[in-house]
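K.L.:
My questions will all concern the structure given below.
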Amino acid sequence: MTNYIFKDKTERNITIGKLVCLARSYKKHAQEMNSEIPKEPVIFLKPASSVIFNRGTIKIPKMSKSIHHEVELGVVIGKKCKNISKKNAMEYVLGYLVALDITARDIQTDMKKKGWPWTIAKSFDTFAPISEVILKEYVKNPQNLDISLKINGEERQNSNTSFMIFTIEEIIEYISNIMTLEQGDLILTGTPEGVSEIKKGDILEAKLGDICSLKVNVD
């Protein structure tokens, strides 16, 4: 069974639930993907089986020849919620982490051209590396955190969560009005600009402010 691993003094282990992910949630990323800037969150799902942890290995699937990185702020849900308002949304947050939403870009592009869902492109095993969870009590303002990614020591993505099109409260309100969010669910809030291809042998180092980091390799 896959469990969240906490960095602080708590000894709780929470089973990972569904991963609810946002697309085009930073304006510049939408522009670099030649996509329309959304008026409301664009969401998709990844399975919990795609999760790996710090020092893990991203496995390149045989079905794809073009794998891209996307560094993201992750929001961990602490208790079950449905039809939550922005005003009360933060009551249901347990903590935060830095994550990578790995994408088989060639598969995604092909699916988009055909007008088909692109779940396959996002759902391979190892396609959701995550860091340890930092409880919200230790994060002063999750909406003002630097977020970055280096590959083999070279910076590829560098932004701040203040540039997200939708706030965490707005995201939770929107998702919870569609589906019930449960303890252990993880919201990946989308990636800033700078996505690019990764190759076998690469070392990826993601960082969220000074609160958490993640290091994985590619095979």
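K.L.:
Give me the pairs: first residue in the range 116-135 and more than 12 Å from Gly74 (Cα to Cα), second residue buried (at least 18 other Cβ atoms within 10 Å of the Cβ) and basic (Lys, Arg), beta-carbon distance under 6 Å, and six or more apart or on different chains, which are they?
P.N.:
Lys122/Lys46; Ser123/Lys46
K.L.:
Please work out which one of (1) at pLDDT 95 or above; (2) under 22 Å from Glu170 (Cβ atoms); (3) touching an Asp or Glu at 6+ places or on another chain (Cβ under 8 Å) is the condition Ile134 fails and give its number.
P.N.:
The single condition Ile134 does not satisfy is (1).
K.L.:
Which one of these is on the phi < 0 side of the Ramachandran plot and within 15 Å of the chain's Cα centre (by Cα): Val139, Val75?
P.N.:
From the options Val139, Val75, the qualifying one is Val75.
K.L.:
If Glu170 satisfies every condition in (1) acidic (Asp, Glu); (2) modelled with pLDDT of 95 or more; (3) under 12 Å from Ile147 (Cα atoms) but one, which is the exception?
P.N.:
The failed condition is (3).
K.L.:
Can I ask one more? Tell me, please, whether a residue that is closer than 28 Å to Gln183 by Cβ and modelled with pLDDT under 95 can be found in the range 87-95.
P.N.:
Here is the first cut: in the range 87-95, the ones closer than 28 Å to Gln183 by Cβ are 87-95.
Subsequent filtering for residues that are modelled with pLDDT under 95 retains 94-95.
Yes, that holds for at least one residue.
K.L.:
Within the range 163-219, take every residue that is among the aliphatic types (A, V, I, L, M) and touching an Asp or Glu at 6+ places or on another chain (Cβ under 6 Å) and give me the one that is surrounded by the most Cβ atoms within 10 Å (Cβ to Cβ).
P.N.:
Restricting attention to the range 163-219, the residues satisfying the condition of being among the aliphatic types (A, V, I, L, M) are 164-165, 168, 171-172, 175, 178-179, 181, 186-188, 195, 198, 203-204, 206, 208, 211, 214, 216, 218.
Imposing the further condition that a residue be touching an Asp or Glu at 6+ places or on another chain (Cβ under 6 Å) reduces the set to 188, 195, 218.
Values: Leu188: 26, Val195: 20, Val218: 19.
Filtering first and then ranking leaves Leu188.
K.L.:
Would you mind listing the strands (runs of 3 or more DSSP E) fully within the range 86-167 where at least 3 residues are in contact with a Pro (Cβ under 9 Å, 6 or more places away or on another chain)?
P.N.:
Details: elements: 93-100, 146-151, 154-160.
Hits in the range 86-167: 93-100, 154-160.
K.L.:
Moving on to the next point. Which residue out of Lys80, Lys113, Lys122 is touching an Asp or Glu at 6+ places or on another chain (Cβ under 8 Å), of a type in the set (Lys, Arg) and surrounded by fewer than 18 Cβ atoms within 10 Å (Cβ to Cβ)? Please lay out each step first, then the result.
P.N.:
Numbers: Lys113 fails: touching an Asp or Glu at 6+ places or on another chain (Cβ under 8 Å); Lys122 fails: surrounded by fewer than 18 Cβ atoms within 10 Å (Cβ to Cβ).
Of Lys80, Lys113, Lys122, the one residue that is touching an Asp or Glu at 6+ places or on another chain (Cβ under 8 Å), of a type in the set (Lys, Arg) and surrounded by fewer than 18 Cβ atoms within 10 Å (Cβ to Cβ) is Lys80.
The values are calculated or read from the model by the stated rules, or taken from the named source; none is laboratory data. Keep in mind that what you see is a predicted model, and the values were worked out from it rather than measured. FYI the Cβ positions are ideal-geometry reconstructions off the backbone, even for glycines, and counts take in every protein chain you see.
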